[in-house]
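Reading through the structure tokens given below for one structure.
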Amino acid sequence: MPATGDGRAPGAADLPGAHDGAPVGHARNRPTTGPATATAPIPHPRSQPVRTAHGTRHPAHLAEAGSLPAAGDGPADGSAPLRLLVIEDDASDAQLIKAAVADSGTSIEIHWARGLEQATQLLAQASPATRRGRSRGNEFGCVLLDLASPADLPHPSDPSDGLEGLHELLRRAPHIPVVVLTDAAGAELGAAAVAAGAQDFLLKHETDGPLLARALRYAVERKRADESQRRLVEAELRGQENARLQRHLLPTPLLDGAGLSFTRRYRPGRRRALLGGDFYDAVRTDDGTVHVVIGDVCGHGPDEAALGVALRIAWRTLVFAGLTGETLLTTLQHVLEHERRSDEIFATLCMVVIEPGTDTDLGPRGTAERARLYLAGHPAPLLLGRDHAPVTLPSEFAGPALGLLPCHDGQAAWPAHEVELQPGWRLLLYTDGLIEGRVGAGSRRLGQDGLADLIADHQSAGLTRGRLVDSAIAEVEELNGGALTDDVAVLLLERNPVQLLLG
């Protein structure tokens, strides 16, 4: 409802001291923490109740609890007015607040409650709509709390600090900005209220309409900024926790006594992630056999990353349980079928089993070694030798990717391919993210042959181990014109009879 012609709110003329530009409130006959102000107290309307046939009631111009008419016309741009909840036990002061708001010319819809219990009911009526994701038009934008009002709490937590009402309000409505009112003698109490969680405080006898309106808008913006900062901090903490979790999910190869150098690089395609759908692992069993695996779950989301971790852990468990070859891959496919969220999800895999040496635990010196290669829809590794260019191992014995065909139909077979590893051998295992990058501005992909040529160039420059892998990945990204969008995992395994090296 608009203000009256003289700038006062309807009903304000009934109250002494309600005049154009009147302060929000004056000192009343209440206990205070300091001397009373010199301003004459406002006669309390409730000290002169109106008696009717139905009993005693309060003055008719102010409701017991609920809405006061909106102060001022709606904004010209059609935006919703600020919905203000005033917690004030004095009806005359509530009217003065309304008069001050009307004098400010700001579109503010005032709702009045005599205490926290009535305020809680009004807050509860406004909150369900926002919880259901509907319009936020019913939500209060700010609360104006008079610290001199009784807290009406049966068991206040700390009645000595004068802020028990504020503490309870912040507990019940933690996401709504709060401005507190106090008299001049309670200025320190107002500052304590801000320290306790209120957004601002106002002195009654110094507050007019424009100052009140500015304080309310400031409180709303400060609360919004505080909430944004809180969400940012929470997001950073969640990110740090996720990073720690993902780092722990990456494997630690168990190759003690194998006499192998093991270099690995892992780059997920998802932004700000440490773990993707690619997975790898390497272990040495008690009989001296070295088992190495690298795989790729189709897709790039967190579900695929979780499935990759499940397959890696299952693979390591099955290896230590004594399974190998097609028996292991068949069991791993069953794990995939039970863990995947959709029947369209599959995983490619490359597994290498290096038989134990015959001379020492560190492997044969100067003699060839035997290995078995299993491919399940995965690119074949590169064999890097001292006296020849990188060679892509044969893939004609490759079987289907895990999860594409049911194991019981006889088509999901993964036969072994025997590989002879000459002294000084090196095996480069990788996922398809490394070879599917573009070469130049066209649509041509790097491919396995392109990767072999690239590795040969870097080998001829004298690069080895970690430097070789890093430089190769950097050139692949340069040829692609930027970072690769797919997950990339690269393993470089080489015979090193001196000691185990992890890079």
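The values are calculated or read from the model by the stated rules, or taken from the named source; none is laboratory data. Fair warning: this is a prediction, and the values are worked out from it, not measured in the lab. Glycine also receives a Cβ, built like all others from the backbone with ideal geometry; neighbour counts cover every protein chain displayed. Accessible surface is based on the protein model in full, side chains and every heavy atom, while ligands, DNA and RNA are left aside. Shrake-Rupley method; radii C 1.70, N 1.55, O 1.52, S 1.80 Å.
On the basis of being open to solvent by less than 40 Å² (accessible area, probe 1.4 Å), under 31 Å from the mean Cα position of the chain (by Cα) and touching a residue at least 24 places away in the same chain (Cβ under 8 Å), does residue 181 make the cut? So residue 181 does not fit the description; no.
When the range 450-463 is filtered for residues that are assigned to a helix (DSSP H, G or I) and closer than 17 Å to residue 385 by Cβ, the ones remaining, listed by number, are 451, 452, 453, 454, 455, 456, 457, 458, 459, 460. Scanning the range 77-107 for residues that are β-branched (Val, Ile, Thr) and either farther than 12 Å from residue 140 by Cβ or in a helix (DSSP H, G or I) (or both) yields 97, 101, 106. Remark: pairs (first residue in the range 294-317, in contact (Cβ under 8 Å) with a residue 60 or more places away in the chain and assigned to a helix (DSSP H, G or I); second residue open to solvent by 50 Å² or more (accessible area, probe 1.4 Å) and among the aliphatic types (A, V, I, L, M); Cβ separation under 8 Å; 6+ apart in sequence or on different chains) = 309/249. Checked against the criteria, residue 413 counts as aliphatic (A, V, I, L, M), touching a strand residue (DSSP E or B) at 6+ places or on another chain (Cβ under 6 Å) and surrounded by fewer than 19 Cβ atoms within 10 Å (Cβ to Cβ). Among the residues of the range 324-356, those identified as farther than 18 Å from residue 304 by Cα and in contact (Cβ under 8 Å) with a residue 24 or more places away in the chain are 324, 325, 326, 329, 330, 351, 352, 353, 354, 355, 356. In a residue-by-residue description of the range 146-155, the property of being farther than 21 Å from residue 124 by Cα, open to solvent by 10 Å² or more (accessible area, probe 1.4 Å), modelled with pLDDT of 85 or more and assigned to a loop (DSSP other than H, G, I, E, B) applies to at least one position. Every condition in (1) open to solvent by less than 40 Å² (accessible area, probe 1.4 Å); (2) within 36 Å of the chain's Cα centre (by Cα) holds for residue 485 except the one numbered (1). If the condition is being loosely packed, with under 15 Cβ neighbours inside 10 Å and in contact with a Leu (Cβ under 6 Å, 6 or more places away or on another chain), then the range 382-403 contributes only 391.
Looking only at residues in the range 255-266 that are surrounded by 20 or more Cβ atoms within 10 Å (Cβ to Cβ) and out of contact with any Phe, Trp or Tyr (no Cβ under 7 Å at 6 or more places or on another chain), which one is farthest from residue 356 (Cα to Cα)? Among them, the one singled out is 263. Being assigned to a helix (DSSP H, G or I) and modelled with pLDDT of 85 or more is a condition met by at least one residue of the range 108-116.
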